[in-house]
1. Looking only at the stretch 257-313, how many residues end up being surrounded by fewer than 20 Cβ atoms within 10 Å (Cβ to Cβ), closer than 25 Å to E84 by Cβ and of a type in the set (D, E)?
2. Report yes if some residue within the stretch 112-127 is part of a helix (DSSP H, G or I) and over 24 Å from G180 (Cβ atoms); otherwise report no.
3. Give the residues of the stretch 357-392 that are farther than 25 Å from H224 by Cβ and touching a Leu at 6+ places or on another chain (Cβ under 8 Å), sorted by residue number.
4. Wholly within the stretch 320-411, which helices (runs of 4 or more DSSP H) include no fewer than the required count, namely at least 3 residues that are among the charged types (D, E, K, R) and under 22 Å from Y289 (Cα atoms)?
5. If you go through the stretch 216-242, how many residues are in contact (Cβ under 8 Å) with a residue 60 or more places away in the chain and either in contact with a Ser or Thr (Cβ under 8 Å, 6 or more places away or on another chain) or under 24 Å from G285 (Cα atoms) (or both)?
6. Can you pull out the residues in the stretch 292-319 that are of a type in the set (A, V, I, L, M) and either touching a Lys or Arg at 6+ places or on another chain (Cβ under 6 Å) or modelled with pLDDT under 95 (or both)?
7. Between a first residue in the stretch 261-278 that is assigned by TED's automatic domain parsing to the domain that holds V204 and a second residue that is β-branched (V, I, T) and not in a helix (DSSP H, G or I), which pairs have beta carbons less than 9 Å apart while being 6 or more apart in sequence or on different chains?
8. Looking at (1) assigned by TED's automatic domain parsing to the domain that holds S313; (2) assigned to a helix (DSSP H, G or I), can you tell me which one E197 breaks?
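The values are calculated or read from the model by the stated rules, or taken from the named source; none is laboratory data. None of these values were measured; they are calculated from a predicted model. Don't worry about glycine lacking a Cβ; one is built from the backbone with ideal geometry, like all the others, and counts go over all protein chains shown.
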Amino acid sequence: MKTTRLIQKTIFLFVLTGMLFSCKNKEEKKDAAQQEKEETAEAKKYSTWMAESEIKRNPEGWTLDFNEKPKWEYTHGLIMTSMEKLYKESGDEKYLDYIKKFGDFMVEDDGSIKTYKKSDYNIDRVQGGRFLIGLYKETDTEKYKKAVEMLRDQMREHPRTEEGGFWHKKVYPHQMWLDGLYMGSPFLARYGKNFDEPELFDDVANQISLVNKYHYSKESGLFHHAWDESKEQRWSNPETGLSSNYWGRSIGWFSMALVDVLDFIPQDHPERENIIKVVQKLANGILKYQDETGAWYQVVDQGEREGNYLEASATSMFSYFLLKGAEKGYLSENHKKAGIKAYEGILEEFIRENEDGTISLTKVNGVAGLGGDPYRDGSYEYYINEIVRADDPKGVGPFILASIYYEDLNK
């Protein structure tokens, strides 16, 4: 009997030991897997991780921005601009190959661009000329130069306000939108530097001066989304012509335009210092509204209001603006810290790791505008009720650019 009990006890201890060993082994494997995942994320730069994710999602560049058929859009140009910067930083030709593949598909041998119509006089359409200049310089392919010249030619005839400000589109007469500064000015400044047309620096400086004159509010420290010179639009204030709200991404577009045109405007240009002053004014304004997470809200100055939300594209743009501005010496150490906080906030609030090894940028406002049909009134309710989605290029491109400057801090 004692022998039987001893055998049973031995068997029980053996099974228990095996179970404990198995559980410990599983825990160790789980811990090792988690550690490996964390080490992979740490070792892999988010700039390249996001770029490779975007290439995997859109191996044909024309499908960017959820397109089902080819279209020449500023969103494609934005992604190609971020890929160009990444190519220059990393030297990895897969990014150049991606740009070239898109350029070869969209630009015909005679320099014409699929779906582009000069007669629309839509300033959004010239943004892609910026990366085409780089592609022409890199490959010496003549069709890219022809396409660039066609886009430059649009801006020679593009309709303007009485003081020379570019209308946003022919169908939006007398209106300057902050978005348009990013769409037109860096292209024109880069063209002026690369093709010896210094008069363009004066024109670009004037666009910035006009926005500073009409769009800025001393009370808030922010820039209004749009200004209607005619004061006829329902969204415009009948006295000032201004739209009523501060949309995050519109200010983000303007912020990126400012630091990007300074890459091309000569050091001795008489308006360069004034542009830098606008950079500083804008940076001081947005810092007042940065959330404790590091991010900014869709409607920047109304973070506590019901329905508002932290938005990824504006936050990515502001992070890029602040980090680049500080790196170039336009902004202070305090601005740099805010840019770092913003970037780390993006990683915490908006980056999602996917099962296929890619990453996504979430909570991007898909679109916002003014006027049109159906009519967009620029109200608070309008801005917060537009679509929100992941992997929108208007957030992905600026995130890649912000990542490059954040990663440069550790070099």
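1. Of the residues in that region, 1 qualify.
2. Looking for residues that are part of a helix (DSSP H, G or I) and over 24 Å from G180 (Cβ atoms), one finds none in the stretch 112-127, hence no.
3. Of the stretch 357-392, the ones farther than 25 Å from H224 by Cβ are 357-362, 389-391.
Result: A390, D391.
4. Numbers: elements: 333-349, 380-385, 393-408.
Ranges flagged: 333-349.
5. Going residue by residue through the stretch 216-242, those that are in contact (Cβ under 8 Å) with a residue 60 or more places away in the chain are 216, 220-223, 225-226, 229, 233-235.
Then keep just the ones that are either in contact with a Ser or Thr (Cβ under 8 Å, 6 or more places away or on another chain) or under 24 Å from G285 (Cα atoms) (or both); that gives 216, 220-223, 225-226, 229, 235.
Final tally of qualifying residues: 9.
6. First, pick out the residues of the stretch 292-319 that are of a type in the set (A, V, I, L, M): 295, 299-300, 310, 312, 314, 317.
Residues satisfying the conditions are A312, A314.
7. If the second residue must be β-branched (V, I, T) and not in a helix (DSSP H, G or I), the pairs left are E271/I265; R272/I265; I275/I265.
8. (2)
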